[in-house]
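The values are calculated or read from the model by the stated rules, or taken from the named source; none is laboratory data. In this text the structure is predicted, and so the values were computed from the model without any measurement. Methodologically, a virtual Cβ is constructed for each residue, glycine included, from the backbone with ideal geometry; neighbour enumeration extends over all protein chains shown.
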Amino acid sequence: MTAVQKRIFINKIALGFSTLSAIIALAFLFWILGVLVMKGMSALNWNIFIYEGAPPGYDQSGLKHALVGQLILVGLATGIGVPLGILAGTYLSEYGKNSKLAHTIRDISDIMMSAPSIVIGAFVYAVVVMPMGHFSAWAGAIALAIIMIPIILRTTDDMLQLVPGTLREAAFALGAPKYKVIKDVVYRGAKAGILTGVLLGIARVGGETAPLLFTSFNDNFFTTDLNAAMPSLTVTIFNYAISPYEDWQQLGWAAAFILSMFILGLNILGRIILFAGKGK
Amino acid sequence: MIDKIFFNFTRFSALLILVIVAWIFVVLFNHSLEAMHTFGLDFITKDEWAPNLNKFGAYAAILGSVISTTLAMLLAVPVAIGVAIFLSEIAHDKVKSFFGISVELLAAIPSVIYGMWGLFYFVPIIRDIFGGMGIGLLAAGIVLAIMILPFMAAVTRDAMNTTPDILKESAYALGGTQWDVIKDVIIPYAKAGIIGSLILALGRAIGETMAVTFVMGNVHHVPGSILDPTTSIPVTLANEFTEADSSLYFSSLFGLALTLLIMSFIVIAIAKFYFLRKARRA
């Protein structure tokens, strides 16, 4: 074999391995997705949306409690996390810019984005659940909000910086105060990007289980009391999946399917908005 | 006037991040003081974890975290690099965007679902092949590897894509094969970025809770083999936090949480501030 043939041979093997690993990776991932869709679809029925949790073996059991609880928790977390995240991102992009403080905040927030979410659950347990004396929806929402803020902060910061400085200058030249420039020019220019960041942030916390385990805890019954333990889809999936009861496991798969569709939907929607925004 | 109020609102929100992070460290530290005073260094070097005897040694949990993430890295890194090479160099544009989008969407699937899948579909396979219970370090490592794979592949691909086309083209002009270009141009050029991406994925894997809680077993023993059930820091926290009944027990769990936070903080900081920053400057 000549040197050239040898190199071509090695090239083929290396590229073959690379393609093979891509196929292996995709096979695993589609296996999971396939299981999720098959199991989830077969477990779905109207009862799930009508009934709340019931003891195993009981026909009229559903996930209404968890679905509503999940919406309440994520809604509250969005209500707390999004304004704080957007304001903080605004500070970094419009006021802090390249100052030392702004860079420190960016760095710390970046690390927080990958920090273990269960630790945030432990923190919220110590500062909210322990003083209150019981689990509550508020505690769960606060834990989710803490996870959400760094994500929103980062995208807001990035997206606002994309707005051209000349637009700001034009507005200043018209005599507009800074808050008006930010509100009417910068925010308007970055609308699509910020919205995408918010959707991705919601999608991210919507799938979180660990920080809810000991903050909002769980409840097998329907509740809207924000000061009591609140069921969520994720914790319900966990509890039902590790239970030994067949029908609870079925409900767990249904919950997993609904949750995944919700989160994938948000992700796709976020991408579409960003794409449409760029097209303009 | 409104200008000032708005400014202060934004500054307050930005500073809040720093306050929260500092507060997390202080709270975890304060709550774990009791365990630190009682056990000292034994807390991280002894593996006896007996709530009924008020003895808490986190060695098994720490070891479990380290081994399960190491296993996951060993399995995921070669595949992730292969996928990244495939996505950035081999695949045609249409295949690339299909693969790219599915990989990114799979990264968004909640980890609890990976754990559930692992418990119902993967644990039985391990049990059939190797015998034993099926749950343990090996199962945890594999599920963790599959879970971090999409993220890892996506960021590694992004790092590889930063290689300027002109460098690749000049190597092709010299008669290099695709593999020559990958190995001698792209990988050296994007090295810092690739390593940073891999370490960042490691940082995520250490703190990952739900994917491994299902398949780890939560047994506080140093395992004899990777097939034995054991525990890790997040698994212990997830399983025992709501069961703790004494203040020493709580304190030990907070100590675990603090250990985990410090471990992942260090790993993520190394990835972001050493490798990825170097990559951006290059």
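On the given criteria, is residue A:73 within 11 Å of chain B (Cβ to nearest Cβ) and over 13 Å from residue A:249 (Cα atoms)?
Values: within 11 Å of chain B (Cβ to nearest Cβ): no; over 13 Å from residue A:249 (Cα atoms): yes.
No: the conditions fail for residue A:73.
Taking the range A:1-97 and the helices (runs of 4 or more DSSP H) fully enclosed by it, the elements with 3 or more residues that are within 19 Å of residue A:219 (Cα to Cα) are at A:47-50, A:64-90.
When each of A:51, A:91 is tested for being more than 29 Å from residue B:105 (Cβ to Cβ) and at pLDDT 90 or above, the lone residue that passes is A:91. Counting the residues of the range A:30-51 that are closer than 30 Å to residue A:151 by Cα, buried (at least 16 other Cβ atoms within 10 Å of the Cβ) and in contact (Cβ under 8 Å) with a residue 12 or more places away in the chain gives 2. Would you check if there is a residue in the range B:242-257 being touching a residue at least 24 places away in the same chain (Cβ under 8 Å) and within 14 Å of residue B:64 (Cβ to Cβ)? Yes, the conditions are met somewhere in the range B:242-257.
Please work out which residue is farthest from residue B:88 (Cα to Cα), limiting yourself to the range B:165-180 and to residues that are touching a residue at least 12 places away in the same chain (Cβ under 8 Å) and of a type outside the set (S, T, N, Q).
By that ranking, first place goes to B:171.
Considering the range B:168-206, and only residues there that are buried (at least 17 other Cβ atoms within 10 Å of the Cβ) and not in a helix (DSSP H, G or I), the residue that is nearest to the other protein chains (Cβ to nearest Cβ) turns out to be B:177.
Quick one: is residue B:247 out of contact with any Gly (no Cβ under 8 Å at 6 or more places or on another chain) and either polar (S, T, N, Q) or surrounded by fewer than 18 Cβ atoms within 10 Å (Cβ to Cβ) (or both)? Yes. For residue B:30, the conditions (1) out of contact with any Gly (no Cβ under 9 Å at 6 or more places or on another chain); (2) within 14 Å of chain A (Cβ to nearest Cβ); (3) within 21 Å of residue B:250 (Cβ to Cβ); (4) in contact (Cβ under 8 Å) with a residue 12 or more places away in the chain all hold with the exception of (4).
Looking at the range B:15-34, can you tell me whether even one residue there is among the small types (Gly, Ala, Ser), at pLDDT 90 or above, assigned to a helix (DSSP H, G or I) and over 24 Å from residue B:227 (Cβ atoms)?
yes
Checked against the criteria, residue A:112 counts as in contact with a helix residue (DSSP H, G or I) (Cβ under 6 Å, 6 or more places away or on another chain), under 28 Å from residue B:237 (Cα atoms) and assigned by TED's automatic domain parsing to the domain that holds residue A:199. Checked against (1) within 10 Å of another protein chain (Cβ to nearest Cβ); (2) closer than 25 Å to residue A:127 by Cα; (3) part of a helix (DSSP H, G or I), residue B:242 meets all criteria but (3).
Of all positions in the range B:120-133, at least one carries a residue that is in contact with a Lys or Arg (Cβ under 9 Å, 6 or more places away or on another chain) and free of Cβ contacts under 8 Å to residues at least 12 places away in the same chain.
Just one of (1) surrounded by fewer than 15 Cβ atoms within 10 Å (Cβ to Cβ); (2) of a type outside the set (Gly, Ala, Ser); (3) at pLDDT 90 or above; (4) within 22 Å of residue A:203 (Cβ to Cβ) fails for residue B:101. It is (3).
If you go through the range A:80-101, how many residues are more than 10 Å from chain B (Cβ to nearest Cβ), free of Cβ contacts under 8 Å to residues at least 24 places away in the same chain and among the small types (Gly, Ala, Ser)? So that I can check it myself, show each step before the final result.
Restricting attention to the range A:80-101, the residues satisfying the condition of being more than 10 Å from chain B (Cβ to nearest Cβ) are A:80-82, A:97-100.
Checking which are free of Cβ contacts under 8 Å to residues at least 24 places away in the same chain leaves us with A:97-100.
Still in the running and among the small types (Gly, Ala, Ser): A:99.
So the answer is 1.
Within the range B:229-268, restricting attention to residues that are within 22 Å of residue A:109 (Cα to Cα) and hydroxyl-bearing (Ser, Thr, Tyr), the residue that is farthest from the chain's Cα centre (by Cα) is B:259.
Looking for something aromatic (Phe, Trp, Tyr), under 18 Å from residue A:212 (Cα atoms), buried (at least 18 other Cβ atoms within 10 Å of the Cβ) and touching a residue at least 40 places away in the same chain (Cβ under 8 Å) - is there at least one such residue anywhere in the range B:210-220?
Taking every residue of the range B:210-220 in turn, at least one turns out to be aromatic (Phe, Trp, Tyr), under 18 Å from residue A:212 (Cα atoms), buried (at least 18 other Cβ atoms within 10 Å of the Cβ) and touching a residue at least 40 places away in the same chain (Cβ under 8 Å).
Considering only residues of the range A:231-259 that are hydroxyl-bearing (Ser, Thr, Tyr) and surrounded by fewer than 24 Cβ atoms within 10 Å (Cβ to Cβ), which is farthest from the other protein chains (Cβ to nearest Cβ)?
A:245
Which residue pairs have Cβ atoms under 6 Å apart, sit 6 or more places apart or on different chains, and have a first residue in the range B:99-115 that is at the interface with chain A (Cβ under 7 Å from one of its Cβ atoms) and a second that is not charged (D, E, K, R) and not in a helix (DSSP H, G or I)? So the pair list comes out as B:110/A:207; B:112/A:209.
Every residue, every condition in (1) within 9 Å of chain B (Cβ to nearest Cβ); (2) within 17 Å of residue A:230 (Cβ to Cβ); (3) touching a His at 6+ places or on another chain (Cβ under 9 Å), yes or no:
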position: A:103; (1), (2), (3): no, no, no
position: A:110; (1), (2), (3): yes, no, no
position: A:117; (1), (2), (3): yes, no, no
position: A:132; (1), (2), (3): no, yes, no
position: A:151; (1), (2), (3): no, no, no
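Listed by first and then second residue, the pairs with beta-carbon distance under 8 Å, at least 6 apart or on different chains, first residue in the range A:52-64 and without any contact (Cβ under 8 Å) to a residue 12 or more places away in the chain, second assigned to a loop (DSSP other than H, G, I, E, B) and not charged (D, E, K, R), are A:55/A:61. Do we find that residue A:258 is at pLDDT below 90, part of a helix (DSSP H, G or I) and under 19 Å from the mean Cα position of the chain (by Cα) in this structure? Considered against the rule, which asks whether it is at pLDDT below 90, part of a helix (DSSP H, G or I) and under 19 Å from the mean Cα position of the chain (by Cα), residue A:258 comes out as no. So which of B:67, B:24 is within 14 Å of chain A (Cβ to nearest Cβ) and of a type outside the set (Phe, Trp, Tyr)? None of the other options fit; the residue is B:24.
All of (1) within 9 Å of chain A (Cβ to nearest Cβ); (2) within 21 Å of residue A:124 (Cβ to Cβ); (3) part of a helix (DSSP H, G or I) hold for residue B:255 with one exception: (1).
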